[in-house]
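Structure first, then comments.
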Amino acid sequence: MKQLHRIQRKRIRVINRVRLGISIAIILIILCPVIMFAFDKPHNKMDPSYINVYIEPGDTLWSIAKANLPPKTDIRDFIHEIRLINKLDSALIIEGDSLLVPARP
């Protein structure tokens, strides 16, 4: 007859509890920032604030963008951002309307 072997589980024996505690603490210290970074909001952490600009006669999207342009920003990119925020199909604006423009930082 065949002998049946019992599967024995090896038990983990803690020899030095202080070393185990320090090891777990170091692992947690390393993993916490990694987990926080993984679940952080994408790119812009601050929500931009907007100002409401009333369109007067003679105003263009270019002139409004130039008047509110943040430093070191390309005016074409800023105009594109204004168009996206206000859901404009073109750069044509109508006097009497208003636009949301990102505020300067």
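Read-outs throughout are calculated quantities, based only on the coordinates presented, and are distinct from any laboratory measurement. The structure presented is a predicted model; accordingly, all values stated were derived computationally and were not measured.
Given an 8 Å cut-off on Cα distances and at least 6 residues of separation, report the relative contact order of the range 50-102 as a percent.
Working: 59 pairs, mean separation 31.7, N = 53.
About 60 percent, as a whole number.
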Report task. Could you pull the Cα extents of the range 50-102 along its three principal axes, largest to smallest, in whole Å? Result -> 30, 20, 18
Report summary line: Under the Karplus relation with 6.51, -1.76 and 1.60 and θ = phi - 60°, whole-Hz ³J(HN,Hα) for the range 64-78, x at Gly and Pro, equal 5, 5, 5, 6, 10, 5, x, x, 6, 10, 6, 4, 5, 5, 5
